[in-house]
1. State, to one decimal in nm², a quarter of the convex hull surface area for the C-alpha atoms of the stretch 18-61, i.e. the direction-averaged projected area.
2. What do you get when you divide the Cα radius of gyration of the stretch 71-199 by 2.2 N^0.38 Å, with N the number of residues?
3. Just check the stretch 152-199 against the gyration tensor rule for me: Cα atoms, a ≥ b ≥ c as the square roots of the eigenvalues, rounded for a/c under 1.5, and otherwise prolate or oblate depending on whether a/b exceeds b/c.
4. Applying the Karplus parametrisation 6.51 cos²θ - 1.76 cosθ + 1.60 with θ = phi - 60° to the phi angles of the stretch 157-169, what ³J(HN,Hα) value in whole Hz is obtained for each residue in order, glycine and proline being reported as x?
Amino acid sequence: MKKAKKSYEEIKNPIASSIKRLYNKSAPLLICEALLFGIAAVLMFIKPVAFLAVLTLIIGCALVVFGLYRTIAGFMTSKDFGGGWFDVLFGLVNVVLGILFCIYPVGSMISLAYIFIILFMFKSLRALIFAINMVRARFGHYWFDLVMALILTGVSIFLLFYPVIGAVAVVYYLAVALLLYAAADIYMYIELLRLKKLV
């Protein structure tokens, strides 16, 4: 009887029934996701260095697992086909890096920060060269480009001397991104609720 009633409701108003199904499936997921992202973002704001240490530990464990997999796969390939020694070497390097990440999380965190800072510096220097060429050609908003490139270069040089500040800034950036995702989930939940009430 209940099944027949349900099918009658679906035939009578198929849009309403599909919206109810969508709400029932999506609402719990959106709420849980928003809570998870919100709590993670707050923790990242409160304890950015601790978050970085945990992240470094997770990266270290992942590198060890990946390295072991590549090493074993390399040994299997080298045994069967006479090759795969590059995979073995690459896997062992990953295992060693992973162990170092786990044993020395602070040093690894600073090393990662330096890698990102050097990449950022190359990007800012490229932007500076481009801005100088635009000034020479007197094309576009060349003064604005030049000022922005100089600021980016200055920031990258500052971060080179203070890498921990750069790493903490990345954590804050990730925290803001997670808060935005949480806000988007809440907005989608409210819109779904409104749509369910309308139909």
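Just so it is clear, none of the values below were taken in a lab; they were calculated from the coordinates. Since we're looking at a predicted model, the values are computed, not measured.
1. For the stretch 18-61, averaging the hull's shadow over all directions gives 4.1 nm².
2. After normalising by residue count via 2.2 N^0.38 Å, the value is 1.71.
3. prolate
4. Coupling constants for the stretch 157-169: 5, 4, 5, 5, 8, 10, x, 5, 4, x, 5, 5, 4 Hz.
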